[in-house]
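What follows draws every value from the coordinates through simple rules; no lab data is involved. Being a predicted model, the structure only gives us computed values, none of them experimental. Glycine gets a Cβ as well: all are built from the backbone with ideal geometry, and neighbour counts include every protein chain shown.
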Amino acid sequence: MATLTTTLTLAADAGGPFSDALALSLAKTYTTNEGNKVQKLKLDGSAQQIQEADDTGNVVLIINNLSTSNVVYVHNSASNAGASTRIANIGTGEFAVIPSDGAADIYVTGTSAQYVEYMSFAKA
């Protein structure tokens, strides 16, 4: 077993983007099973599946866009036909943490020869 912790912190001084000061911190800890998957994937411009709908149990996906110039699209349809199937757009050098119940197909799409790294952690 291992522990995966995600943390999000938002802070702004009064008079910045908000009239009042803002300080918010959220954390979520997952206990994960062994047999987790870490993979670097070369994209080819078409949708590539990173999670099968028949994966059992809850998982946490971490998807890291390794590109310095292109966005990665995360979606639940092989067609990536539009916003109705889009889960996330991951900018250059950014990553996303996506919890999933394992009952959905998840795909990534990017430009040809672009790389993405993804990790799949099965929740215990």
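For the reader, a short list of remarks on this structure follows.
- Estimated FRET transfer efficiency when R0 is 30 angstrom, pair Ala104-Phe18 (beta carbons, to 0.05): 0.30
- Residues whose amide H falls under 5 Å from that of Thr111, counting only those 5 or more places apart or on a different chain, are absent, with hydrogens built in the peptide plane.
- Those lysines that a straight Cα-Cα span of less than 19 Å connects to Lys28, excepting residues fewer than 8 apart in one chain: Lys123
- For Gly102, residues with placed amide H under 5 Å, excluding near neighbours: Val59
- Placing unit charges on the Cβ atoms only, positive for Lys and Arg and negative for Asp and Glu, gives the chain a dipole magnitude near 140 debye about its Cα centre.
- Contour minus Cα-Cα distance for Ser25 and Asp44 (0.36 nm per residue): 3.1 nm
- Evaluating 6.51 cos²θ - 1.76 cosθ + 1.60 at θ = phi - 60° for every residue in region 109-119, the Karplus couplings come out as 9, x, 6, 4, 6, 7, 10, 9, 10, 9, 10 Hz, glycine and proline recorded as x.
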